[in-house]
Amino acid sequence: MNVDLHTHTTASDGRLAPHELIAAARDAGVTLLSITDHDTVSAYRATVARAFGPLHLVAGVEFSTTWRRAGIHVLGLNIDPTSDAIIAATAHQQSARTQRAVRIAQRLQRCGIADALAGAQALTANGAVGRPHFAQFLVDGGFVKDTTQAFRKYLGAGKAGDVKQHWASLAQIIDWIRDGGGTAVLAHPAKYGLTRTKRLALIGEFRRLGGEGLEVISGRQDPQITESLAASATAHRLLATCGSDFHRPGQPWARLGLPLTLPAQCRPVWDVW
Ligand code: MN
Ligand code: MN
Ligand code: MN
């Protein structure tokens, strides 16, 4: 069994269209796959969660939220993408994203940069504008020489484009996932730059709020991290998941079909599905 429960498509910031991702995953030997785009389930409009030959697809999503001012991600796995709860959740997150983009554009306007919203939107495949799109717009418009300078002058901390993102709360995200029939999983807990103490506090709070799973393996990772996260999952009686966080070909650390083997002490999430 080759499991990959964390991947992205062109529905968010991935390079492959949903059908291309499924074909690539199948070619790579994946037998249990989830497409988990950022704050959207639109990949599942084109693709019904089902079996594709030996590959079984379960519906998923990756929600953004904040915890103690740190940006964190929560996977909703085995959700019903047509449920009221998931529709409400993705609509809320998309409007948070749009409102922030509008504010950034207004503030850039005050710096004398016109039409940034339309310009940034034109650079997206799906209308989901983020700061990288504004950065590219500023480069293309000749306002800065490269995207690094775009962040340093306009978009980074303390600059005009530094607008707080109003994502739904962690508790709300977990409730939506559960109401949508899914399993809420704390994504890549070792990738938030938190101290070990803070990470353990996050995992404990996630569990208390009703979260049920921990992404014990995220792509190619240090075995010590795997061990530490497996211990946390066991201590908090959280189900374990694994995923590549695939975005595009050519990234060997997040490749489809990576052998992602959970430590024996873990209880895999698919045991309860
Ligand atoms: Mn991404
Ligand atoms: Mn993530
Ligand atoms: Mn991801």
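The values are calculated or read from the model by the stated rules, or taken from the named source; none is laboratory data. Please read these numbers as outputs of a predicted model, since none were measured by experiment. Quick reminder, even Gly has a Cβ in these numbers, built from the backbone with ideal geometry, and neighbours come from all protein chains shown.
Tabulated results
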quantity: Close pairs from the stretch 186-209: first away from ligand 2 (no atom under 16 Å from the Cβ), partner aliphatic (A, V, I, L, M) and in a loop (DSSP other than H, G, I, E, B), Cβ under 7 Å, at least 6 apart; calculated: Arg207/Leu238
quantity: Residues that are within 16 Å of ligand 2 (Cβ to nearest atom), assigned to a loop (DSSP other than H, G, I, E, B) and in contact with a strand residue (DSSP E or B) (Cβ under 9 Å, 6 or more places away or on another chain), drawn from the stretch 244-255; calculated: Ser244, Asp245, His247
quantity: Any hit, the stretch 43-52, residues being basic (Lys, Arg), on the phi > 0 side of the Ramachandran plot, away from ligand 2 (no atom under 16 Å from the Cβ) and within 19 Å of the chain's Cα centre (by Cα); calculated: no
quantity: Members of the stretch 200-211 that are touching a Gly at 6+ places or on another chain (Cβ under 9 Å) and either surrounded by fewer than 16 Cβ atoms within 10 Å (Cβ to Cβ) or not in a helix (DSSP H, G or I) (or both); calculated: Glu205
quantity: Residues that are in a loop (DSSP other than H, G, I, E, B) and at pLDDT 90 or above, drawn from the stretch 13-32; calculated: Gly14, Arg15, Leu16, Ala17, Ala28, Gly29, Val30, Thr31
quantity: Unique residue being touching a residue at least 24 places away in the same chain (Cβ under 8 Å), aromatic (Phe, Trp, Tyr) and either within 27 Å of Thr10 (Cβ to Cβ) or away from ligand 3 (no atom under 16 Å from the Cβ) (or both) when the list is Phe143, Phe137; calculated: Phe143
quantity: Scan of the stretch 146-174 for residues that are more than 21 Å from the chain's Cα centre (by Cα) and closer than 30 Å to Gly213 by Cα, ordered by number; calculated: none
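Here is a yes/no grid of residues against (1) within 16 Å of ligand 1 (Cβ to nearest atom); (2) in a helix (DSSP H, G or I); (3) closer than 26 Å to Pro18 by Cβ; (4) modelled with pLDDT under 95:
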{"position": "Lys198", "(1), (2), (3), (4)": "no, yes, no, no"}
{"position": "Ile217", "(1), (2), (3), (4)": "no, no, yes, no"}
{"position": "Ile225", "(1), (2), (3), (4)": "no, yes, no, no"}
{"position": "Ser232", "(1), (2), (3), (4)": "no, yes, no, no"}
{"position": "Arg237", "(1), (2), (3), (4)": "no, no, no, no"}
{"position": "Cys242", "(1), (2), (3), (4)": "no, no, yes, no"}
{"position": "Gly257", "(1), (2), (3), (4)": "no, no, yes, yes"}
{"position": "Leu260", "(1), (2), (3), (4)": "no, no, yes, yes"}
{"position": "Gln265", "(1), (2), (3), (4)": "no, no, no, no"}
